[in-house]
Amino acid sequence: MTSFDLDNPIFELSSSTDKNAWTLRHAVEGVQIFGGIGSGKTSGSGRMLALKYLSAGFGGLVLTVKADEKQAWQEYCRITKRENDLVILEPRGEHSFNFLQYESSHSDKDGSSTENIVEVLKTVIRAGETKDSGKSDDAFWETALDMLIFNVIDLCKLAYDKVSVKEMYDIVQSIPKGKEQLKSATEEDKRKAFHKAMSAALGKVTRKIDAWNVHSRTPTGSVSLKIQKAMKKRCLTPCPKPVCWHLSINSSLII
Ligand SMILES: Nc1ncnc2c1ncn2[C@@H]1O[C@H](COP(=O)(O)OP(=O)(O)OP(=O)(O)O)[C@@H](O)[C@H]1O
Ligand SMILES: [Mg+2]
């Protein structure tokens, strides 16, 4: 990895009485540019800083809603010969960013957190909501939404080791409406996303438990059978919460 000396000057700042350098340290500590609307913040100081930073090898993330900002940064990258480093994320563009996949693959290293993914997803949902969308502030619905997202993310992770909006959507659409529907699943139901995910999750958990069972030479017989029974019992137990199929794979708890 390239190392940077924070005291390296990027450009000179001088007045009639003084002369100073703007260093890497100043750059990473932060810059704010103040000025009236249309006073030249972007085309003056913004452009100069962008060109200096790009020339010095900086990376960064530019967020913009202004249509001409993309062209401006394309021009900056052309001038500083950084075109190959430029990745543009935009609707129907060449590149995309699966924030759920990113968050799920990173958080697991630190002992996972479905909570983090739930928060990311809720932030994205809220960002797309308008203030007058008529959404209820009722805590019941907030909690129900949290629980639904939480459980669907856990199910996706257990079944497929990854989370995607498409998979979550398909699972939510095919969740049984109650324990009767869950018990009397037809062949057609079993081909739907919810049942497919449940059976993939069950299979993976069972295989892991079997491997663990063999490895630890437990004398108590098939632990996976117990797990299967316990999961089945949990799934069919009437649950006061809106999502009745909460799948909690905490083996010590279930065993
Ligand atoms: N010193 C200058 N002389 C003449 N025109 C200028 C000067 N500085 C900026 N402009 C022009 O003024 C217009 C607005 O500049 P710019 O977009 O940089 O302002 P801004 O402060 O970033 O505006 P906003 O508040 O909308 O972000 C641009 O067309 C730019 O070319
Ligand atoms: Mg501007």
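If R0 is 22 Å, what FRET efficiency do you get for VAL172 and PHE140 from their C-beta distance, rounded to 0.05?
With R0 = 22 Å, the Cβ-Cβ based efficiency is 0.75.
Quick one: which residues, 5 or more positions from ALA21 or on another chain, have an amide H under 5 Å from its amide H? H modelled 1.01 Å from N in the peptide plane, none for Pro or chain starts.
LEU13
Rounded to the nearest 0.05, what FRET efficiency do ARG47 and LYS204 have when you use their Cβ-Cβ distance and R0 = 41 Å?
Using R0 = 41 Å, I get an efficiency of 0.20.
Treat every Asp and Glu Cβ in region 1-43 as -1 and every Lys and Arg Cβ as +1, leave all other atoms uncharged, and give the resulting dipole magnitude about the Cα centre to the nearest 20 debye.
About 180 debye.
Among the listed pairs LYS177/LYS204; LYS157/LYS204; LYS157/LYS192; LYS162/LYS196; LYS162/LYS183, which are separated by more than 21 Å between their Cα atoms?
Violating the 21 Å Cα-Cα cut-off are LYS177/LYS204; LYS162/LYS183.
Can you work out ³J(HN,Hα) from phi for every residue in region 164-173, in order, using Karplus 6.51 cos²θ - 1.76 cosθ + 1.60 and θ = phi - 60°, giving whole Hz and x for Gly and Pro?
With coefficients 6.51, -1.76 and 1.60, one gets 9, 4, 4, 4, 4, 4, 5, 5, 4, 5 Hz.
Order of 12-23, 64-75, 167-178 by packing, highest average Cβ count within 10 Å first?
Order by mean packing, descending: 167-178, 64-75, 12-23.
Using the Cβ atoms and a cut-off under 12 Å, what net charge is assigned to the surroundings of ALA21, where Lys and Arg are +1 and Asp and Glu are -1?
My count for the surroundings of ALA21 gives 0.
Peptides 180-191, 28-39: what's the order by average Cβ count within 10 Å, highest mean first?
Per-residue Cβ counts within 10 Å, averaged per peptide and sorted highest first, yield 180-191, 28-39.
From the phi of every residue in region 16-22, what ³J(HN,Hα) in whole Hz does the Karplus formula 6.51 cos²θ - 1.76 cosθ + 1.60 yield, where θ is phi - 60° and glycine or proline is x?
Going residue by residue, I get 5, 10, 9, 9, 9, 10, 8 Hz, with x marking Gly and Pro.
Would you tally the net charge around LEU6, using a Cβ to Cβ cut-off of less than 11 Å, leaving LEU6 out, and scoring K and R as +1, D and E as -1?
Neighbourhood net charge equals -2.
Rank by packing, highest mean first: peptides 158-165, 79-86, with packing defined as the count of other Cβ atoms within 10 Å averaged across residues.
Result, highest mean Cβ count within 10 Å first: 158-165, 79-86.
Which of rounded, prolate or oblate describes region 9-85 when judged by the alpha-carbon gyration tensor and an a/c cut-off of 1.5?
The shape class here is oblate.
Roughly how many nanometres apart are two label points built 7 Å out from the Cα toward the Cβ at GLN71 and HIS95?
For GLN71 paired with HIS95, the spin-label model returns 2.1 nm.
Using a/c under 1.5 as the rounded threshold, could you call region 42-128 rounded, prolate or oblate? The axes a ≥ b ≥ c are square roots of the C-alpha gyration tensor eigenvalues, and prolate needs a/b larger than b/c, oblate otherwise.
Prolate, because a/c is 1.5 or more and a/b exceeds b/c.
Between LEU86 and PHE11, what FRET efficiency comes out of the Förster formula 1/(1 + (r/R0)^6) with R0 = 30 Å and r the beta carbon distance, rounded to 0.05?
After rounding to 0.05, the efficiency reads 0.85.
Every number in this text was worked out from the coordinates using simple rules, so none of it is lab data. Just so it is clear, the model here is predicted, and its values are computed rather than measured. Counting neighbours? That spans all protein chains shown, and the Cβs are built from the backbone with ideal geometry, glycine included.
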